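The values are calculated or read from the model by the stated rules, or taken from the named source; none is laboratory data. In this text the structure is predicted, and so the values were computed from the model without any measurement. Here the Cβ positions follow ideal geometry from the backbone for every residue, glycine too, while neighbour counts run over all protein chains shown. Side chains are part of the model used for accessible areas, which takes the heavy atoms of the whole protein and leaves out ligands, DNA and RNA. Shrake-Rupley method; radii C 1.70, N 1.55, O 1.52, S 1.80 Å.
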Amino acid sequence: MKPPSGNPRWAERSLLHRGGTPGTWGNLGLWTNADDDYGRACRALAEAVGRAAGLQAGDRVLSVACGAGDELLLWQQAFGVKDPQGVESDPALQAAAQALAGGVVHPAPGCDLARLHLPAASFDHVLCVDGAYLLAPRAAFLAEAMRLLEPGGRLAFTDLVVNGGAMGFKKAMLSPSAWLAGVGLAELADDASSIARVQAAGFADVQLQRLDEEVLGGFASFVWGHGMGLGVHNLSRAWRRPAATAGLIGPCRFFGLGYALLTATKPG
């Protein structure tokens, strides 16, 4: 699907994908190979979330902050999921996801699941690829995911974390960047607190895998190299947000920011 012109968000994605694998992906990517382009890295991150959740053919899946629907299509093509449902706050992305992947894509401001009033125990998996750090409060997302999952159902999502120790100082140093990125600073937690938060929602078998370099480091390196390849004449308003994000990653990592994949199970 070719992104429509005239929308800054679409123009941004078009630049990120330029010269590489076509698509409308919009995540930070999982950068494990030197020759990865943006589309492949984005797909790799979504695949990692799907594998961690244990997706199988026929599973009922709800994908939160599903973007333009590339991940919904992936769940179908790579894992055999039938008619995955999505949740998206941006009307343009929601319409694109509906067109690309079919099925049901729910509009919800802030991707607030509680606004949808979906039936309890109606999904085998609730997933969120590179969007949970924009969901606040995180406890509300976890509580609604617990309600929507069947007993034995699996939750998988990626989130920003902060290294433990001197948390007040680190959050103070991260505050300007968090504000610019729209990330709720109060929601940032270290590994142990992130796990405890998921457990407090009633989940069991909570696992956390750090992906700092593979995601944050990889995205920053890609943006700097890709931006140079695009040329100064192409560094338009559409490139400011990726460039700013890449520029903030180094200082934020210095002050303890990390990236993690979390999985958990609703007790049977």
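Quick look at the numbers
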| item | result |
| --- | --- |
| Within a Gaussian network of the chain (alpha carbon springs, distance under 10 Å), most fluctuating of Trp25, Trp224, Trp75 | Trp224 |
| DSSP H segments from the chain that extend 20 Å or more along their own axis, Cα-based, with Kyte-Doolittle mean of -1.0 or above | 38-53, 237-254 |
| The stretch 156-198, Rg to Rh (Cα coordinates; Rh as Kirkwood inverse mean 1/r) | 0.96 |
| Whole-Å semi-axes of the chain's equivalent ellipsoid (Cα gyration tensor) | 27, 24, 16 |
| Carbon plus sulfur fraction of accessible area for the chain, probe 1.4 Å, in percent | 57 |
| Coarse-grained scattering of the stretch 98-141 at q = 0.33 Å⁻¹, given as base-10 log I(q)/I(0) from a Debye sum over alpha-carbon atoms | -1.31 |
| Three-way shape call for the stretch 60-124 based on the alpha-carbon gyration tensor, with the a/c threshold at 1.5 | oblate |
| Additional length obtainable on full extension of the chain from Met167 to Met228, 0.36 nm per residue less Cα span | 18.4 nm |
| Surface per residue (accessible, 1.4 Å probe) for the chain, Å² | 43 |
| Compactness of the stretch 218-265, expressed as Rg and Dmax over alpha-carbon positions, Å | 13.9, 49 |
| Estimated FRET transfer efficiency when R0 is 25 angstrom, pair Arg9-Ala78 (beta carbons, to 0.05) | 0.50 |
| Packing rank of 117-129, 57-69, where each peptide gets the mean count of other beta carbons within 10 Å, highest leading | 57-69, 117-129 |
| Three-way shape call for the stretch 1-151 based on the alpha-carbon gyration tensor, with the a/c threshold at 1.5 | prolate |
| Computed E for Thr21/Arg241 - FRET, C-beta separation, R0 22 angstrom, nearest 0.05 | 0.60 |
| Residue-averaged [θ]222 nm for the chain, counting only DSSP H segments that reach four residues, each worth -39500 (n - 2.57) | -13500 deg cm²/dmol |
